[in-house]
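Visitor: Have a look at this one.
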Amino acid sequence: MSLITSDDIIELYSKLHQRGLGFILSKINPSALKRTQSTFNHTAIEAANWWQVPQVRERMNIKATGDKQLNYETYTVNKYLDGKQGLKLLSLGSGVCSHEIKFATHPCFSQVKCVDVSEKPLAIAVKNAQHLGLTNMVFEVANVNENKIEENYYDVVLFHSSLHHFKRVFELIAEQVAPSLKKDGLLVINDYVGPNRLQWTTAQLQETNRLLNEIVPVHFRKRLKTSRVKKHVSGPGIIRMLLSDPSEAVDAESILPAIYMHFNVLEENDIGGNILMLLLKDIAHHFTSGSIEADEVLQRLFNAEDDFLSKEKSNQVFGIYRKKN
C-alpha cells in the first residue's frame with residue numbers, strides 16, 4: 001500500500017475542475033462521516049465512470065442475466081419472486097434509489113424501503129418515485145451502524161454498490177442483515193468485492209496501463225473537463241482514500257466470506273470491472289457517442305478484460321443468496 005501516488009495529484013486537479021473548490025474543501029472536515037456524506041450529497045456533478053457507457057451497462061446485464069436488455073432487477077423478480085405478493089424489500093445505502101425504483105414497479109412488492117446516510121440523494125429518490133406514481137416506497141435517512149433493523153420482517157435485502165461502504169461487514173451480515181430477513185429470505189447484491197481501499201493488484205495495474213497505451217487512442221484519453229491526457233494509472237494512495245471517502249471499500253474483502261457464513265448461494269455471477277473500472281475513469285465520456293471507432297476500442301477492451309478475468313477474481317459480483325435456517 002502507498003500513502004500517496006501520482007494518481008492522487010491528478011485526482012485533486014481533476015476534481016477541482018469537475019466538482020469545484022467547495023467539494024475539495026469538504027474533505028478537510030475532521031468527521032469521517034461528514035466526509036463520506038459530502039461525497040454522496042454532491043448530486044449535481046458531472047463525472048465520467050465506466051458504468052455510464054451504454055455498452056458497459058449492456059455487458060453488465062449479459063454477465064448478470066445472460067441478456068443485454070434484461071436488468072438484474074427484473075431478472076430477480078421473474079426467476080425467484082414470480083407469483084408472490086405483499087413482499088417487503090429493504091435497501092441499505094440506496095443513494096438515489098434508481099435500482100430500488102425498478103424493483104418497486106413490480107406488483108409483488110408492497111413495500112420497498114430505502115435507507116441512506118446522505119439526505120440529498122434520498123430527496124431526489126422521493127421526487128422520482130412521486131413522478132412515477134409509486135406509493136409502495138419508504139425513505140429513511142439513517143446510519144445503519146447506529147440503528148437496529150426490524151427482525152424477521154423483510155423478504156429481500158438489497159445492496160447495490162453499497163455493501164462495500166460498510167465497515168465490520170461480518171457483524172453487519174450476522175447481526176443486522178440475516179436477522180432482518182424472514183425464513184428463506186433473499187439477499188441480493190450487485191457490488192464491489194475487490195481489494196480493500198481500492199488497492200489494486202500489480203497485475204491489474206500492469207494490464208490496465210498496457211491496454212490504455214496500446215489500445216486507446218490519445219484523442220479518447222483526454223480527462224473530463226480538463227486538458228490533461230490520461231497516460232498512466234497508479235491507483236489511489238491510502239491518504240486520499242481516507243480523506244476523500246473513508247467508507248470506500250473499507251472492508252470489501254470480507255463481503256463474500258461473511259455472506260457464505262449465513263446464506264446459501266443461489267447464483268453468483270462475475271461482472272468484472274477489474275480493468276474497465278480503472279481504465280475508463282475520467283475518460284468514459286469519449287465512449288458514449290456510439291461511433292464505430294469507440295465501439296471497436298470498447299470491444300477490444302472487453303475481450304482483454306474477459307481474458308484477465310479467466311486468471312483473476314472478479315472485482316464486481318451479482319449474487320442472489322438464501323438465508324440459512
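Visitor: Just the accessible area per residue of the chain, please: how many Å² with a 1.4 Å probe?
Guide: Accessible surface, normalised per residue, equals 46 Å².
Visitor: Rg/Rh for segment 258-298: what does it come to with C-alpha atoms and Rh from Kirkwood?
Guide: 1.25
Visitor: OK, next. Taking the alpha-carbon centroid of each part, what is the distance from segment 253-275 to segment 108-133 in angstrom?
Guide: Segment 253-275 and segment 108-133 have Cα centres separated by 26 Å.
Visitor: Whenever you get a sec, compute what percent of the accessible area on segment 160-277 sits on carbon and sulfur atoms (1.4 Å probe).
Guide: That fraction is 53 percent.
Visitor: Further question: Could you pull out the trypsin sites (Lys or Arg not before Pro) across segment 92-171 that fall in loop regions by DSSP (anything but H, G, I, E, B) with no more than 14 other Cβ atoms inside 10 Å?
Guide: Filter output for segment 92-171: K148, K167, R168.
Visitor: Ignoring everything except DSSP H segments at least 4 long, calculate the 222 nm mean residue ellipticity for the chain; use -39,500 (n - 2.57) per segment, divide by total residues, nearest 500.
Guide: That calculation yields -11500 deg cm²/dmol at 222 nm.
Visitor: Also, I was wondering about something else. Note down the magnitude of the dipole of the chain about its Cα centre, charges +1 on Lys and Arg C-beta and -1 on Asp and Glu C-beta and zero elsewhere, to the nearest 20 debye.
Guide: For this selection, approximately 620 debye.
Visitor: Related question: Looking at the chain, send over the antiparallel percent of its DSSP beta bridges, to the nearest 5. If you can, show how the numbers build up before the last one.
Guide: On the way: 16 of 36 bridges.
Among the beta bridges of the chain, antiparallel pairing accounts for roughly 45 percent.
Visitor: From Cα pairs below 8 angstrom and at least 6 apart in sequence, can you work out the relative contact order of the chain, rounded to a whole percent? Kindly include the intermediate steps, with their values, before the conclusion.
Guide: Working: 579 pairs, mean separation 75.8, N = 325.
Across the chain, relative contact order equals 23 percent.
Visitor: At q = 0.14, 0.28, 0.35 Å⁻¹, work out log10 I(q)/I(0) for segment 89-130 with the Debye formula, treating every Cα as an identical point scatterer and leaving solvent out; two decimals please.
Guide: So the normalised log intensities work out to -0.26, -0.98, -1.31.
Visitor: Equivalent-ellipsoid semi-axes (√(5λ), Cα gyration tensor) for the chain, whole Å, largest first?
Guide: Sorted largest first and rounded, they come to 32, 23, 20 Å.
Visitor: Quick one: if you take sqrt(5λ) for each eigenvalue of the C-alpha gyration tensor of segment 80-208, what semi-axes come out, biggest first, whole angstrom?
Guide: 27, 18, 15
The values are calculated or read from the model by the stated rules, or taken from the named source; none is laboratory data. Computed from a predicted structure; not experimentally measured. No Cβ is skipped: glycine too gets one built from the backbone with ideal geometry, and neighbour counts run over all protein chains shown. The protein model used for the area step is the full one, side chains on, heavy atoms only, and it has no ligands, DNA or RNA in it. Shrake-Rupley method; radii C 1.70, N 1.55, O 1.52, S 1.80 Å.
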